[in-house]
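See below for the structure under consideration.
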Amino acid sequence: MSAVNTRWKSTQPDLALVRQAEQEFNIPEIYARVLVHRGIASREMGIPFFNPDPAQLHDPFLLNDMEAAVDRVLEQIGAKRPILIFGDYDVDGTTGASLLYLFLKSIGAKVSTYIPSRETEGYGFSKGGVDYAALIGADLLITCDCGISALEQVNRAREKGIDVIITDHHTPDTELPTAVAILNPKLEDCTYPFEGLCGGGVAFKLALAVAEKGGYDPALAWDHVDLVALGTAADLVPVLDENRAIVSEGLRLIRERSRPGISALWQVSGLAGKDVTVGRLVFGIAPKLNAAGRLGDAGRAVKLLTTDNRYLAVNIARELVAENDRRRIIQENTVEEAIFRVNAHHDLSREKALVISGEDWHQGVIGIVAARIRDLFHRPPVIIAMENGVGKGSARSMAGFDLYEALTQCREHLLNYGGHAVAAGLSVKHEALSVFTDRFLAWADKQLTDEQLQPHLTVEGECPLDLIDSRFLRFLDSLAPYGPGNRRPVFTARGVRVAGVPRLVGESASHLKCRLVQNSTTFDAIGFDLADHFEKLVLKKPLNIAYVVEENKWQGSRKIQLQLKDIKIGDSQ
């Protein structure tokens, strides 16, 4: 976080439950606050959380249309007719497509994959995919992470004699495609007990159901749960409920280095020797897989994730890492231009959202740019790359503002749109851009309060540094896997002082490194992208800090380290 005035917002767990957890587990209050915040006040309540297990997964046949989908897949396999898997070009789509491809192939299906071009076909289920299915003679097409709004494309498939099964998790519209089956836990009349699956998670449910009804070993689906975990992490869906079991099992497989593609990408990304965590999948692996589709052919991601050839895997991984480096340069240039346009042309005292467009922007990076602009200006942005009179846009949101609902309010001014409450894509004609902007900003002004636009950091409570020991680390480890819905706990400490000389580190000197002391307890601390706070560290005044506790592993040694999230000038206590 930058040195803006970030408000620390403490969780407010039920104090009676906190006392109950203290007694039940014989733990300090701060431990109990963390547990109760996660819905755990007793040992019985903690069993499914602390012991994620494949047996905790919900019955896949609770999804609407699952029976019809499975019957159609088994019919196709029995007739030895080809199946085409159509996956979206992001990590969720390519991992889901890879999972279904590998699973169906293992049970004897004739199966191929198709990943659309971001630049020429755009977001979602494309006509090009339908035409490719017809070309190869596939009269069954299964989508991954897309298709819920593809009315025209599904009709085109029907005209060509192709049945479509949609597996998706995006918010559906009121009118649904005329597919053979639609598997989506967000369908209005669907009673499936968990809506937080990613697109690959829904595809995984289809694989499990096919295995169950077809009499195949379910291990043939579980063998690829590492791909589902990667998609779950990359798509930032909640690591709660059955996703905890999926991610836990998937992380175990990745740690075993069983898949050549993920193993190669882990090595060439400089992660060798580091533990496999959701955070490292999100920030270390997912961007490289996404790079395949941002600047080139996203089909390379599927080829990487499905190959058994380790030599080929290393070559593709190196190619994607190099492409990701190129993407970062393009991205940073676009971020700088977007920041300039915000400062020059937008009145942040009046605009609670931002719509920014550029003629020369690469549509492959606008999603990342949108996330950066949101974090810098603390309001939801729509970033649009215009080309030949049509803009391809990507939007990111914040708590309290449903992007999908907002775009629905503007739908008559858009060519198409889709996504979630917090991330969405759209396309718009140049002549409609102005009226779309006015409508979007008016909706944001109606929905967002000034308080929501103030940056805040959710903290679990105050934790003096002398409480941090090996027991505390074991407690934090027991809460993993972390991710959305179960973030690594952030604590505060007051009256902390700097010991020694703080430093700015990193290639661009954007990170802080220092030693912090409170009473007689001292820890090393790192603050990523907190260089704007450096002046506070040299004033020799007591500080209030917000931090997470982590274990730094380096050259065989293990050491507790604080990762700073925010720093304020405070009063000693």
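Under 5 Å between amide hydrogens, built in the peptide plane, is the criterion, and for Val382 it picks out Leu354, Val355, Ile356 among residues at least 5 positions away or on other chains. Computed over region 94-173, the range of Cα coordinates on each principal axis works out to 34, 26, 24 Å, biggest value leading.
Quote the charge dipole size of region 262-348 about the Cα centre in Debye, to the nearest 20; the model charges only the Cβ of Lys and Arg (+1) and of Asp and Glu (-1). Walk me through the numbers on the way to the answer.
Working: 12 positive and 10 negative charges, 64 e Å.
Charge dipole of region 262-348: 300 debye, to the nearest 20.
The string of couplings for region 365-371 from the Karplus curve (6.51, -1.76, 1.60, θ = phi - 60°) is 10, 5, x, 5, 4, 4, 5 Hz, one whole number per residue in order, with x for Gly and Pro. Since only His170, Leu206, Ile182 are under comparison, the one whose Cα sits farthest along the positive direction of the charge dipole of region 144-208, derived from C-beta charges on Lys, Arg, Asp and Glu, is Leu206. Within region 253-290, whose backbone N sits under 12 Å from a point 7 Å along Cα→Cβ of Arg310? 257-261, 263-264, by backbone N distance to the label point.
Helical content alone sets the calculated 222 nm signal of the chain at -12500 deg cm²/dmol, taking -39,500 (n - 2.57) per DSSP H segment of four or more residues and averaging over every residue. When His345, His224, His58 are arranged by Cβ crowding within 10 Å, least crowded first, meaning fewest neighbours, the order is His345, His58, His224.
Computed from Cα positions, the angle between helix 310-345 and the longest principal axis of the chain comes to roughly 70 degrees. Descending by average beta-carbon neighbour count within 10 Å, the peptides 273-282, 401-410 line up as 401-410, 273-282, the highest first.
Rounded to the nearest 20 debye, the dipole magnitude of the chain is 1880 debye, with +1 charges on Lys and Arg beta carbons, -1 on Asp and Glu beta carbons, and the Cα centre as origin.
Which entry is the computed Cα Rg over 2.2 N^0.38 Å for this structure: (1) 1.09; (2) 0.99; (3) 1.17? Recomputing Cα Rg over 2.2 N^0.38 Å here gives the entry labelled (2). Of all DSSP bridge pairs formed entirely within region 59-216, close to 0 percent run antiparallel. In this structure, the amide hydrogen of Glu387, modeled 1.01 Å from its nitrogen in the peptide plane, lies closer than 5 angstrom to those of Lys392, counting only residues at least 5 positions away or on a different chain. Taking amide H as placed 1.01 Å from N in the peptide plane, the amide H of Glu462 sits under 5 Å from that of Thr492, each at least 5 places away or on another chain. Restricting the calculation to Cα atoms, region 460-569 yields a radius of gyration followed by a Dmax of 13.8, 38 Å.
When the Cα positions of Ser510, Leu426, Val130 are compared along the charge dipole of the chain, Ser510 comes out farthest toward the positive end, with charges on each C-beta of Lys, Arg, Asp and Glu. Scaled to the globular estimate 2.2 N^0.38 Å, the Cα spread of region 59-216, given as radius of gyration, is 0.92. Counting only DSSP beta bridges whose two residues both lie in the chain, roughly 60 percent are antiparallel. Put in line by how crowded their Cβ is, counting other Cβ atoms within 10 Å and starting with the fewest, Leu57, Leu562 read Leu57, Leu562. Rounded, prolate or oblate, given the Cα gyration tensor of region 1-126, with a/c below 1.5 counting as rounded? Oblate, since a/c reaches 1.5 and b/c is not below a/b. For region 518-530, backbone phi angles converted through the Karplus equation (6.51, -1.76, 1.60; θ = phi - 60°) give residue-by-residue couplings of 9, 6, 10, 9, 10, 9, 6, 9, 10, x, 6, 6, 10 Hz, Gly and Pro being listed as x. Listed by Cβ neighbour count within 10 Å, with the fewest neighbours leading, His362, His170 appear as His362, His170. About the centre of its Cα atoms, region 4-108 shows a dipole size close to 280 debye [charges on the beta carbon of Lys, Arg (+1) and Asp, Glu (-1) only; nearest 20 debye].
Phi angles across region 349-357 convert, under the Karplus curve 6.51 cos²θ - 1.76 cosθ + 1.60 with θ = phi - 60°, into 3J(HN,Hα) values of 6, 10, 9, 8, 9, 10, 10, 10, 10 Hz, Gly and Pro given as x.
None of the figures in this text is laboratory data; all of them are computed from the coordinates on show. Just so it is clear, the structure is predicted and the values come from calculations on it, not from any experiment. Virtual Cβ from ideal backbone geometry, glycine too; neighbours counted across all protein chains shown.
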